Amino acid sequence: SAIDLDDVIKEYLSHGEVVQAVKGVSLSIAEGEFFSLLGPSGCGKTTTMRMIAGFEAPTRGTVKLHGQDVTNVPPNKRDVNMVFQSYALFPHMNVWDNVAFGLKQKKTPDAEIKRRVGEILEIVDLTGREKRRPREMSGGQQQRVALARALVNNPRALLLDEPLGALDLKLRQAMQIELKRIQREVGITFVYVTHDQSEALTMSDRIAVMNDGLVEQLARPREIYEQPATAFVAGFIGTSNLLTGALTAGVLKVAGGRVLVPGGQDGDVTVTVRPEKITIDVDEPTGSVSAVRGTVSEVVYLGTYNSYAVQLADGAEVTVFQQNAHDASTTAERGDAVWLSWKPQHSYA
Ligand code: ADP
Ligand code: MG
């Protein structure tokens, strides 16, 4: 694999107190993979990245790059490059000189600099803008220059720490597609840090969802979305309903009904279910499904689907998304008594 972290811990001393920013992270990133670290602000994403890059030494644990232990190897001796949200371009240099800077420092022959800078500017779609200064460019273009400057060194892995964070939504979405294209074209490993779940779901081959210094789940986007491993992941990714109670023999009794949790361990549990997996109906469902009674407290029309808030007898609220097209059962209105049902495989404890 390209990158291996083995039980990595990072402690900082802050005002005389030990702060554990990373509390024991182990993960393996494959060569050529688009891998994301996703989690809320302060969960340890940047610290993890900085240990891969070599800007921070772990307090404990090991970092391997391409099978080699680099735990104590300085950043400039590692075959990785980092791209920051702030771009960190030289303001007085034009695009060409910004990108060529590292190669000139390494005394690369002029002909090779010319070839490589030209090639990389082509990949990031900046050909023809070589003479521009950073301030004469848009945020998206500046980020492409920063990307080109990292790629021109031919790193085996590129580390990107919230690289699109300074861009507005539309530009960010365009750059997400662009970044994915560039990664496919250059074929190297990308490690991508973001707190934006839709960004991670769109771009990644796999995602490590982090919370409070730990990885809560490491899986492909679809699995993270469909089968959140913990209540934290379920709450952080997309919209989820949480139902809590005591589980007995795979059945959770809730106000006005039952939730089937096949294979779930007996005891207190929090069960998650996605709004789009729930069917809303006036009649009591039959068969082996989770079924809960409630009252519609709100209906929001959202074009292709409706969003319902349904209140259970104990006051808990369940969100349901229901497609509009050709669906005769989606006529419930505010105040209606309804049944909610979903298949056993859509409950996660
Ligand atoms: P993220 O990138 O996910 O927002 P960080 O890795 O930057 O999170 O930070 C994780 C935790 O470590 C935070 O609580 C942060 O305050 C703390 N931290 C990060 N860097 C330092 C430092 N140099 N000194 C003290 N605490 C730090
Ligand atoms: Mg950060």
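May I ask you to sort H15, H346 by Cβ crowding, counting other Cβ atoms within 10 Å and putting the fewest first?
In increasing order of surrounding Cβ atoms, one gets H15, H346.
So, counting K/R as plus one and D/E as minus one, what does the shell of residues with Cβ under 12 Å around G67 add up to?
-2
Determine the calculated [θ] at 222 nm for the chain from helices alone, applying -39500 (n - 2.57) to every DSSP H run no shorter than 4 residues and normalising by the residue count; nearest 500 deg cm²/dmol.
The helix contribution divided over the chain gives -7000 deg cm²/dmol.
Show log10 I(q)/I(0) for the chain at q = 0.13, 0.14 Å⁻¹, two decimals, from a solvent-free Debye sum over equal Cα scatterers.
Ignoring solvent entirely, the Cα scatterers give -1.01, -1.09.
I'd like to know which of L302, V318, A150 lies farthest towards the positive end of the charge dipole of the chain, counting +1 on Cβ of Lys and Arg and -1 on Cβ of Asp and Glu.
Ranked along the dipole, the leading option is A150.
To the nearest 0.05, how large is the calculated FRET efficiency for T59 and N153 if R₀ is 35 Å and r is the Cβ-Cβ distance?
According to the calculation, E is roughly 0.75.
For a quick check: with amide H placed at 1.01 Å from N, whose amide H comes under 5 Å from D336's, ignoring anything fewer than 5 positions away on the same chain?
When sequence neighbours closer than 5 places are left aside, the close amide H contacts are V296.
Can you tally the net charge around V289? Count Lys and Arg as +1, Asp and Glu as -1, for every other residue whose Cβ sits under 14 Å from the Cβ of V289.
Here the charged neighbours net out to +1.
Only bridges whose two residues both fall in the range 3-226 count here: according to DSSP, what percent of them are antiparallel, nearest 5?
55
Please report the relative contact order for the chain, taking Cα pairs under 8 Å with a sequence separation of at least 6, and give it as a percent rounded to a whole number.
In percent, rounded to a whole number, it is 15.
Given R₀ = 30 Å, FRET efficiency for T331-R184 by Cβ-Cβ distance, to 0.05?
0.10
Residue by residue, what Karplus-based ³J(HN,Hα) values in Hz, rounded to whole numbers, does the range 233-241 have, using 6.51, -1.76 and 1.60 with θ = phi - 60° and x for Gly and Pro?
Karplus-based 3J(HN,Hα) across the range 233-241 equals 4, 4, x, 7, 9, x, 9, 9, 9 Hz.
State, as an integer percentage, the relative contact order of the range 155-296 based on alpha-carbon contacts under 8 Å between residues 6 or more apart.
15
Just need the relative contact order of the range 98-173 here, percent rounded to a whole number, with Cα pairs under 8 Å and 6+ apart.
37
Semi-axes of the equivalent ellipsoid for the range 243-346, please: Cα gyration tensor eigenvalues, times 5, square-rooted, ordered largest first, whole Å.
The answer is 24, 14, 12 Å, longest axis first.
Run through the range 1-66 and list the chymotrypsin sites (Phe, Trp or Tyr not before Pro) located in a DSSP loop whose Cβ has at most 16 other Cβ atoms within 10 Å.
Here the sparse-neighbourhood loop sites are F55.
Compute the angle between helix 95-105 and the longest alpha-carbon principal axis of the chain, please, reported from 0 to 90 degrees and rounded to the nearest 10.
Between helix and principal axis, roughly 60 degrees.
Gap in Å between the Cα centre of the range 35-62 and the Cα centre of the range 90-141?
29
Say each of S28 and V251 gets a label point 7 Å from the Cα, pointing the same way as Cα to Cβ; how far apart are those two points in nm?
4.3
If you project the alpha carbons of the range 140-295 onto their three principal axes, what span does each projection cover, largest first, in Å?
Here the spans come out as 61, 31, 24 Å, largest first.
Okay, which of the range 144-167 sit inside 18 Å, backbone N to the point 7 Å along the Cα-Cβ direction of K107?
none
Could you give the semi-axes, largest first, of the ellipsoid that matches the range 28-166, computed as the square roots of 5 times the alpha carbon gyration tensor eigenvalues and rounded to whole Å?
Those come to 28, 18, 13 Å.
Taking the Cβ of A246 as the centre, find all other residues whose Cβ is under 9 Å away and add up their charges (Lys, Arg: +1; Asp, Glu: -1).
-1
At 1.306 mPa s and 10 °C, plugging the Kirkwood radius over alpha-carbon pairs of the range 45-104 into Stokes-Einstein gives what diffusion coefficient in µm²/s?
Taking Rh from Cα pairs, D becomes 119 µm²/s.
Too long at a 32 Å Cα-Cα cut-off: which of K180/K277; K23/K104; K10/K114; K23/K343?
Over 32 Å Cα-Cα: K23/K104; K10/K114; K23/K343.
Only the coordinates and a few stated rules stand behind these numbers; no lab work does. Just so we're clear, the structure is a prediction, and the values are computed from it rather than from any experiment. With ideal geometry, Cβ positions are generated from the backbone for all residues, glycine too; neighbour counts draw on all protein chains shown.
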